Every structure is written in structure tokens, then in C-alpha cells.
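Okay, structure first, notes after.
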Amino acid sequence: MKIRHFIIVLLAAISMLSSCRDKGEMTFSMDPVENIEALWQIIDTKYCYVDDKGIDWQGIHDEYVSKAAMLKQGDQLALFDLCAGMLDSLRDGHVNLYSDFDRSYNTAWYDNYPANYDADLQQLYLHDYRIAGGLYYCTIDEGQIGYIYYPSFSNSFSTRNLHWLFTAFKDCKGLIIDVRNNGGGDITNAYHLAAPFFTSDQTIGYWHHKTGTEHNAFSSLEAMTLDASWANNCRWLKPVVVLCNRHSYSAANLFVSMMRYADNATIVGGVSGGGGGMPMSYEIPCGWMVRFSSIRMYDREKTDIEQGIEPDVLVTMQSTDKDDIIEKAIEWINNE
């Protein structure tokens, strides 16, 4: 399906599945066992990766219900930490618990990976830059290569922005797009950034969503189609290298995945962060919101992209006076 249709269907699914209780017309319960039971049940029936995490989810239930029974009634901080601890067992950056006083987050998905990014070293290349929409750009390698740094897919850009970038790079032999440490954002921007590198519409992956309480209850796979016409006349047919690291997550991970199908594109750096699920939120009895993935995305070969994308050229930064990943991208383009 085209991306616009995909977003419409996604929003409809979220609207249908999400809890929409009016806080002004209900009583909240701070009972620890009731909240742990409710949180466990939501994840068990609606989270789309329970069976993929390699954990005993029923055993997690028994462990945390026992811990909840020992909590002092009314101790909201202790209850929050207990709920967050249970969610941490999923090792998922898309799983968060929100309260008025804290937000839980998990770092296990990147903790054991090299950083592969140093902002100070990056500044050796990203100097005298301009900003078009959310895109930072300049030329490097004595003006021979274009360089774009995109720190967040939450920041939009237009075809006019892309026109100015590609005009600035018209005499360059290649282009580098750096999405390292990009934690994601709007997946529409991922489609739009990829569009100039395709000459026709392409199926770049598939998606499906939970349809029942069983762990394997999903809808049929539907194609995700990249609309190349969005880029109008902004086309780049010369070599392009995409830089990623483990912090390239969610929408950035999707962008890396789809760029593997672009002509003349090469992925350089570390394994991307994953985050192939689309999140939605539910409420537990105390009024806190839990966010988690209930829609799974796959690449064109129908391989789940939740665990990240392997680069074409794996590079781990070692130097203290240069960015090894940018240098490898420059070398790759110069050897094309």
C-alpha cells in the first residue's frame, strides 16, 4: 500500500485498539497487584513480540505479582519502578511507562554495542553547513562529496529543501546520508528521504497488526510501497552511502532497511538499532500509560526488522582524530 494509505490504516487501528477512558468520570486504583496484573495482561495480549524475546513471560508474571504483593499500598514510586522493571525484561526501546513523575525506558537494545558516533569528530566534517528543513548539509572531501546529517525523523522537510540540497551537490561524485544517533520519529519522513533514490514505486517491506489475544494472532501481511513520485524531479542516481549505528532506531531503522533496495546505495557503519514495531498506548488502573509495539514491520524479503539491519560494510570507530565511518564512506565513493 502507498504510505498515505498505510498511515490512515495505522491511525484507524490505533483508534480502535487504544483505551479512551475519561479520567474525569472514573476512579483510579493504586493497588499494586491489580496494576501489575493489568500491565502484564496488556503486554501478553496486545504486544507483538512476546514470543520473540526468548523470555518466560508467564514466569515474569508470577515473579512480579509476588513482588507486588509485598509493596506498601500507596507507594507510587515503588509501584512505578516495579512496573518498569517488568517492562524492562522485554528489552525494547518502544516500550515505555508514563506517569506524572517519571517515564521508563530501556537501554538493553544498544548497551552492548559500540557507540560508533562522536559528535566532536563529526564536526571535523560537518562545518560551514546549512540547514534545509531538518537536514544539515555541506560538502566534504574538497567539495567532491555531499554530506547530509539528519538527527531526527521528527523534523520534516519538503521537496524544495531537497532541491536546494541536490543543487548544492550537483558537481559531487557521491552523497553521504548520516542517520547515526537518529532515534526515529515520523515514518513518513523516512519514506520521503528515501524517495529521491528510487526511479519508480517500490515494495520496500510488509506490515501486519495484532488481531487477537493469542501471541501469534496477526492480520495478513500487507505491502508497504514507497511512492517515488513524491520527490518530483529531485533524483539522485550517483552513489549514496547511508551511515548508521545502533542508535539508528525506529523510523531511522526503517529508512536504513528501505535504502538497501535503492540503486547505487551502500550501508556503512554498525548494526542499526531495530525498533521495527509501531507503538500504541494503553492505560493501567492507576492511570499511567504504557506504550508498546503492536504492529510488526518486515523488509521486502519478509524478514522482521525489529533486531536491526546489518550494514553492507561493517565499521567500528577506533581513531581519535577522525571519524572512521565517514572516512570509509568517502573511500567507498571514491572507489566507485
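Each value in this text was obtained by applying a stated rule to the coordinates, not by laboratory testing. As the structure is a prediction and not an experimental result, all values here were calculated from the model. Positions of Cβ are generated from backbone atoms using ideal geometry, with glycine treated the same way; all protein chains shown enter the neighbour counts.
Observations on the model:
- Along the axis of the charge dipole computed for the chain (Cβ charges of +1 for Lys and Arg, -1 for Asp and Glu, origin at the Cα centre), the listed residues V256, I148, G133 are led at the positive end by G133.
- What you get for the chain, charging only the Cβ of Lys and Arg (+1) and of Asp and Glu (-1), is a dipole of about 1060 debye around the Cα centre.
- Ordering 70-76, 276-282, 306-312, 139-145 by mean Cβ neighbour count within 10 Å, with the highest value first, yields 276-282, 306-312, 139-145, 70-76.
- Close Lys-Lys pairs in the chain, where close means Cα under 18 Å and separation is 8 or more or interchain: 8
- Summary value for the chain: 20 percent relative contact order, contacts being C-alpha pairs under 8 angstrom separated by 6+ residues.
- Other residues within the sphere of radius under 13 Å centred on the Cβ of N233, judged by their own Cβ, net out at +3 (K and R +1, D and E -1).
- Rounded to the nearest 20, the size of the Cβ-charge dipole of the range 21-111 about its Cα centre is 140 debye, with Lys and Arg at +1 and Asp and Glu at -1.
- The range 21-111: projected area of the alpha-carbon convex hull, averaged over directions, in nm²: 6.6 nm²
- Options Q307, W230, I284, ranked by Cα towards positive dipole end of the range 197-336, top entry (Cβ charges): I284
- 222 nm mean residue ellipticity, helices alone, for the chain (DSSP H n ≥ 4; -39,500 (n - 2.57); rounded to 500): -9000 deg cm²/dmol
- GNM remark for the chain: springs join alpha carbons under 10 Å apart, and the peak mean-square fluctuation among R235, R296, R130 falls on R130.
- Note on the chain: with a GNM built from Cα contacts shorter than 10 Å, the maximum mean-square fluctuation among L162, L82, L124 falls on L124.
- GNM top mover of A78, A223, A265 - the chain, alpha-carbon springs below 10 Å: A78
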